[in-house]
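The values are calculated or read from the model by the stated rules, or taken from the named source; none is laboratory data. Nothing here was measured: the structure is a model prediction, and the numbers come from that model. With ideal geometry, Cβ positions are generated from the backbone for all residues, glycine too; neighbour counts draw on all protein chains shown.
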Amino acid sequence: MTAPIQELRPGRTDGHEPAVRLDAVSKVYGRELLALDQVALSVDRGEFVCLLGASGCGKSTLLNLVAGLDRPTAGEIDTGDARIAMMFQEPALFPWLTVSGNIELALRVTSSGKNTTKKERRARATELLEIVHLGGFGDKRPHELSGGMRQRVALARALAQEADVLLMDEPFGALDAMTRDLLHDELERIWRERELSVLFVTHNVREAVRLGDRVVLLSSRPGKVIEDFPVTLPRPRRTDSAEVAELASTITDRLRQEVLRHAKPATQPAAGAGIEK
Amino acid sequence: MISAIVLVLAIWELVVLSGWRPEYVLPGPVAVLADLWNRLGEPEFYEALGVTMRRAITGFAIAVLVGLVVGAAVSRVRPLRAALGSLITGLQTMPSIAWFPLAILFFKLSESAILFVVVLGAAPSIANGLIAGVDYTPPILLRAGHILGLRRLALYRHVILPASLPSFLSGLKQGWAFAWRSLMAGELLVIIAHQASIGEQLDNARELSDSPGLLATMIVILVIGIVVDMCFGAADNALRRRWGLDQRVG
Ligand SMILES: Nc1ncnc2c1ncn2[C@@H]1O[C@H](COP(=O)(O)OP(=O)(O)OP(=O)(O)O)[C@@H](O)[C@H]1O
Ligand SMILES: [Mg+2]
């Protein structure tokens, strides 16, 4: 590779191409709904980036674009030859397959899974279910599980894909605090082991600080990156630690400003308008 | 179910008692059920039933095959969809009896003529069931399949086909209803010599003014239609329960 070093994110690039790079990406729905406006964002290899923003600001839209499920109206998205796994905002499990069957299908499609036997895939699916604390639920149907359990199956399915980039859209929204903590630990461990690049959408600021190397704030209508907080706290972090709480409250303040700015009745309709007033 | 049968029999008896038609034209339930009981003891009945069911199964099987191939092709190939999509729906509304003159011209008075019409009657519904199923595959499942790396045929096999199963099943159910109707019309119109069948028994009974026999045969036709329909209904219910699509609330 003779690609020039791109200083997209000063001080963060280390000579490698990032795993995911968005360059002035805009997305317009229909005729005039500007969901994303000139978004620039990159996720380095092995980096964990959390995305925060008000409801409807374009987070899911952004993930869909990165996953290649939709095309940007303008701008460029580069994911190189990375294999991408995605956890949707809803579980999106196949109702005609059992829980284990859903994961086995994902295993079967991966390059390393092509030559495995049904039995091997079954065993691997059982392992993955244990990782998300659902051992013993393999033979159930998705509709027999609770919402949070379904999300965990979706996580297991995403992990089964053995991707390089993991996109997660509010994956732990429906979980209790205890289970969420456990899954944070598991996710962090797997992220480290596999050197995954993660783009993680959440509404929970502490969760973002707990997990992310960076926390990126999106504004609403149009969605734009307004702030990028590096999180330098040593890992493993605890969601209820004072340091996490402190940074979370700083970010929350910034987020509140942004939401309030939008709540005001007479805001400028987007295009090109400055963010700060 | 039982109360429905009792109700029908009671109304029937009342109509007979009212003297609306003389009893040799419209016999009461007792006479007809006695005739039915007699028939059920005769080997000729089973011979006729065998012939009719063989035709029904053959015709329906061919219709499923044709429906699957046409449905799959139309749902995947855009130009075919434009050309055939509404034609298939049009065919569905075509009364099958209108095909018989053509069928007889093609195949003379033979079993092929009957099967031809049965297939034409049932295949459009089956194809339409599949097409609707493919069209209404939940987009989120398509996206999930895409993310898993499934494309084209693999996506079709692992996501689209299974997702269209409920709709395909209702297509089959409707297809069966059309097949059974077409078959009875066919057996009344295309009488093949030395070949007993349920439809032919119906025609015989009319010629001999054997009203109890005629009504008894009609009951047989009705019961077969209902029983097969119930089988499809049961399959549909089982599928819905397995997938958590149960419509019942509370
Ligand atoms: N398919 C679509 N067609 C039209 N508009 C859409 C479509 N998908 C999203 N939008 C609009 O784009 C904007 C961003 O939606 P998006 O789903 O990305 O929000 P989000 O940040 O994920 O919100 P949430 O946190 O509530 O999930 C919203 O205003 C939404 O109405
Ligand atoms: Mg969303």
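Every residue, every condition in (1) part of a loop (DSSP other than H, G, I, E, B); (2) surrounded by 18 or more Cβ atoms within 10 Å (Cβ to Cβ); (3) away from chain B (no Cβ under 13 Å); (4) not aromatic (Phe, Trp, Tyr), yes or no:
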{"position": "A:Pro72", "(1), (2), (3), (4)": "yes, yes, yes, yes"}
{"position": "A:Gly75", "(1), (2), (3), (4)": "no, no, yes, yes"}
{"position": "A:Leu93", "(1), (2), (3), (4)": "yes, yes, no, yes"}
{"position": "A:Thr116", "(1), (2), (3), (4)": "yes, no, yes, yes"}
Worksheet entry | Qualifying residues in region A:174-219 (those that are modelled with pLDDT of 90 or more and among the polar types (S, T, N, Q)) - the one nearest to A:Ala242 (Cα to Cα) | A:Asn204
Discussion item. If B:Asp135 meets every condition in (1) in contact (Cβ under 8 Å) with a residue 12 or more places away in the chain; (2) under 30 Å from B:Glu42 (Cα atoms) apart from one, which number is that one?
Written reply: (2)
Discussion item. Go through (1) more than 30 Å from A:Leu36 (Cα to Cα); (2) surrounded by fewer than 20 Cβ atoms within 10 Å (Cβ to Cβ); (3) modelled with pLDDT of 90 or more; (4) within 12 Å of chain B (Cβ to nearest Cβ) for A:Asn102 and report which single condition fails.
Written reply: (2)
Response to the item:
Note on region B:1-50: residues in contact (Cβ under 8 Å) with a residue 40 or more places away in the chain and among the β-branched types (Val, Ile, Thr) are B:Val25, B:Val32
Worksheet item: Does A:Thr202 satisfy the condition of being surrounded by fewer than 21 Cβ atoms within 10 Å (Cβ to Cβ), closer than 26 Å to B:Leu148 by Cβ and in contact with a helix residue (DSSP H, G or I) (Cβ under 9 Å, 6 or more places away or on another chain)?
Response: no
Worksheet item: Counting only residues that are more than 9 Å from every other protein chain (Cβ to nearest Cβ) and out of contact with any strand residue (DSSP E or B) (no Cβ under 7 Å at 6 or more places or on another chain), which one in region A:79-90 is surrounded by the fewest Cβ atoms within 10 Å (Cβ to Cβ)?
Response: A:Asp81
Discussion item. Could you tell me how many of the residues in region A:124-178 are over 20 Å from A:Thr239 (Cα atoms) and within 16 Å of ligand 1 (Cβ to nearest atom)?
Written reply: 4
Item to complete: Starting from region A:166-177, keep only residues that are within 12 Å of chain B (Cβ to nearest Cβ) and closer than 23 Å to A:Val66 by Cβ, then list their pairs with residues that are within 12 Å of ligand 1 (Cβ to nearest atom) and in a strand (DSSP E or B) whose Cβ atoms are within a distance under 6 Å, requiring at least 6 positions of separation or different chains.
Response: A:Asp169/A:Val201
Response to the item:
Of the residues in region A:73-91 that are farther than 18 Å from A:Leu196 by Cβ and within 13 Å of ligand 1 (Cβ to nearest atom), the one that is nearest to the chain's Cα centre (by Cα) is A:Gln89
Practice prompt. Answer yes or no: is there a residue in region A:129-148 that is facing another protein chain (nearest Cβ under 9 Å), at pLDDT 90 or above and under 27 Å from A:Val20 (Cβ atoms).
Written response: no
